[in-house]
Amino acid sequence: MAHYLWKRVLTAVPVFFGITVLVFLLMNAAPADITDLAGSEGGGTAGDKALLAETLGLDQPLPVRYFTWLGGLVRGELGRSYRSGQAVSALIGQRIGPSLLLTGTGVLLAVAVALLLGVLSAWKPRSRWDNLASNLAMAGSATPGFFLALLAIYFFSVRLRCLPAAFTSDYGGGSLRELLRHLLLPALVIAVSNVGGLLKQTRSACLEVLGEDYITSARAKGLREGVVVLRHGLRSALIPVLTAVLTHIPHIIGGSVVVERVFGWPGMGSLMFSAISSRDYNVIMGVTVVIALAVLATSLLLDLVYGLVDPRVRYERI
């Protein structure tokens, strides 16, 4: 197993650097950079723009700029924001906690609902539980996130006036009760947006497993139905379900751009949106590094979890 893990890590290294090269090239293919934006805002002359480009190092050739950034990454530095002058690592450190809290809460709610309704609908096909699961999965998959967020604000904030429409307080500076009030609405929106795919995956996997011969044998032995469904059925169906769940880890770390912007949540999604709008290349690259590492780590974690859930998986054969 150690040999397999080492092989996967070595394979992930060129993939990671390939992602950084691709993102760097795409950013610099944009028709404008921060010097153009600064000139349009402040009415700067061409000389001012050239001076700003020289100060920020944007006058250097593209390969030189990339390897300069890469050298900083090797030393554990992500550079400084062109806009604020703050260290990119400090900006990410400030935003990653709120993103983990918001998106993690939403995804956990989605997983809990998907597992419960998915197992019930597979256990009792064409029942009211199955109808509820099908309708919820269809609504969650078909409704765009921004529209769902606006609907939630209209009903819970405008009509009922029970939850705030936007995050207006200082994160970490208010009370726990106030934080939870601001957290509940966007977390519910993320949960509904993600529950559709998870629910369909759970139902499909459980329905297939519950039709196997060994499930019939377990029932014939007199085992209780709950033991048959949960211990034998759900465990055998966990691999596709865990795949769907664990693939949400990069989404949790990277944050939800749409939901964070609509609700004013100070997370990674809002940071990425602001950086793209202002052509803040160092911040974009910093967030890209974090998300790329999360994707690669999730891929490795999936392989490890497969071995724990399904004993038939043997790493020595790979």
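The values are calculated or read from the model by the stated rules, or taken from the named source; none is laboratory data. Note that the coordinates shown come from a computational prediction; the quantities given were computed from them, not determined experimentally. Glycine gets a Cβ as well: all are built from the backbone with ideal geometry, and neighbour counts include every protein chain shown. Only protein heavy atoms, including side chains, enter the accessible area calculation; ligands, DNA and RNA are left aside. Shrake-Rupley method; radii C 1.70, N 1.55, O 1.52, S 1.80 Å.
Per the Kirkwood formula on distinct C-alpha pairs, the Rh of region 163-296 is how many angstrom?
Working: mean 1/r = 0.0555 Å⁻¹.
Over region 163-296, the inverse of the mean reciprocal pair distance is 18.0 Å.
Work out the length of the dipole vector of region 90-177 about its Cα centre, built from +1 on the beta-carbon of each Lys and Arg and -1 on the beta-carbon of each Asp and Glu, and round it to the nearest 20 debye.
Roughly 240 debye for region 90-177.
Work out how much length Ile276 to Gln86 would gain on full extension: take 0.36 nm times their residue separation and subtract the Cα-Cα distance, in nm to one decimal.
66.8 nm
Can you check what the net charge comes to around Leu91, using other residues whose Cβ is under 12 Å from the Cβ of Leu91 (Lys, Arg +1; Asp, Glu -1)? List each step's numbers first, then the result.
Values: positive: Arg80, Arg83, Arg95; negative: Asp280.
It works out to a net charge of +2.
Order these peptides, 237-244, 66-73, 9-16, by their mean beta-carbon neighbour count within 10 angstrom, highest first.
Highest to lowest by the protection proxy: 237-244, 66-73, 9-16.
Which cross-chain or sequence-distant (5 or more) residues have an amide H under 5 Å from the amide H of Arg80, H modelled 1.01 Å from N in plane?
Val88
So for the pair Lys221, Phe17, with labels modelled 7 Å out along Cα→Cβ, what separation do we get in nm?
In this crude label model, Lys221 to Phe17 measures out at 5.3 nm.
Accessible area of region 90-240 with a 1.4 Å probe: how many percent of it is carbon plus sulfur? Can you show the working numbers first?
Working: 5210 of 8380 Å².
About 62 percent, which is the carbon plus sulfur part of the accessible surface.
If each DSSP helix of 4+ residues adds -39,500 (n - 2.57) and the sum is divided by the residues in the chain, what number results at 222 nm, nearest 500 deg cm²/dmol?
-23000 deg cm²/dmol
Taking the Cα centre of the chain as origin and charging only Cβ (+1 Lys, Arg; -1 Asp, Glu), how large is the dipole, in debye to the nearest 20?
1260 debye
Per residue, how much accessible area does the chain have with a 1.4 Å probe, in Å²?
Averaged over the residues of the chain, the accessible area is 54 Å².
Only sites in a loop by DSSP and with at most 16 other Cβ atoms within 10 Å count here; which chymotrypsin sites (Phe, Trp or Tyr not before Pro) in region 148-253 make the cut?
Tyr171
Could you derive backbone 3J(HN,Hα) for region 128-144 from the dihedral phi with the Karplus parameters 6.51, -1.76 and 1.60 (θ = phi - 60°), listing whole Hz in sequence and x where the residue is Gly or Pro?
For region 128-144, the Karplus curve yields 5, 5, 5, 5, 4, 5, 5, 5, 5, 5, 5, 5, x, 7, 8, 8, x Hz.
Just name one of Gly118, Ala139, Leu271: the one whose Cα is farthest towards the positive end of the charge dipole of the chain (beta-carbon charges, Lys/Arg +1, Asp/Glu -1).
Sorting the options by dipole projection puts first Gly118.
From Cα coordinates alone, what are the radius of gyration and Dmax values for the chain in angstrom?
My reading of the Cα-based Rg and Dmax gives 23.9, 85 Å.
Find me the longest stretch of the chain that has none of the exposed GluC sites (Glu not before Pro), where exposed means in a DSSP loop (not H, G, I, E or B) with at most 15 other Cβ atoms within 10 Å.
78-211
Using label points projected 7 Å from each Cα along Cα→Cβ, tell me how many nm separate Ala30 and Leu230, to one decimal.
Modelled inter-label distance: 5.1 nm.
Which angle from 0 to 90°, rounded to the nearest 10, does the C-alpha axis of helix 88-123 make with the longest principal axis of the chain?
20 degrees
Between region 1-28 and region 65-107, what is the C-alpha centre distance in whole Å?
What the calculation gives is 18 Å, centre to centre.
Run the quick spin-label model on Leu293 and Thr143: label points 7 Å from Cα toward the beta carbon, then report their separation in nm to one decimal.
3.6 nm
Just to confirm a number: summing +1 for Lys and Arg and -1 for Asp and Glu over residues other than Ala133 whose beta-carbon lies under 12 angstrom from that of Ala133, what do you get? Don't jump to the answer; show the numbers that get you there.
Working: positive: Lys124, Arg126, Arg128, Lys200, Arg203; negative: Asp130.
Summing Lys/Arg as +1 and Asp/Glu as -1 gives +4.
Once you have the Kirkwood Rh of region 111-233 from its Cα pairs, apply Stokes-Einstein at 25 °C and 0.890 mPa s and quote D in µm²/s.
D, rounded to a whole number, is 147 µm²/s.
Between Ser204 and Leu304, take the C-beta separation as r, use R0 = 22 Å, and let me know the FRET efficiency to the nearest 0.05.
0.40
I'd like the orientation of helix 176-209 relative to the chain: the angle between its Cα long axis and the longest Cα principal axis, in ° from 0 to 90, rounded to 10.
Rounded to the nearest ten degrees, it is 50.
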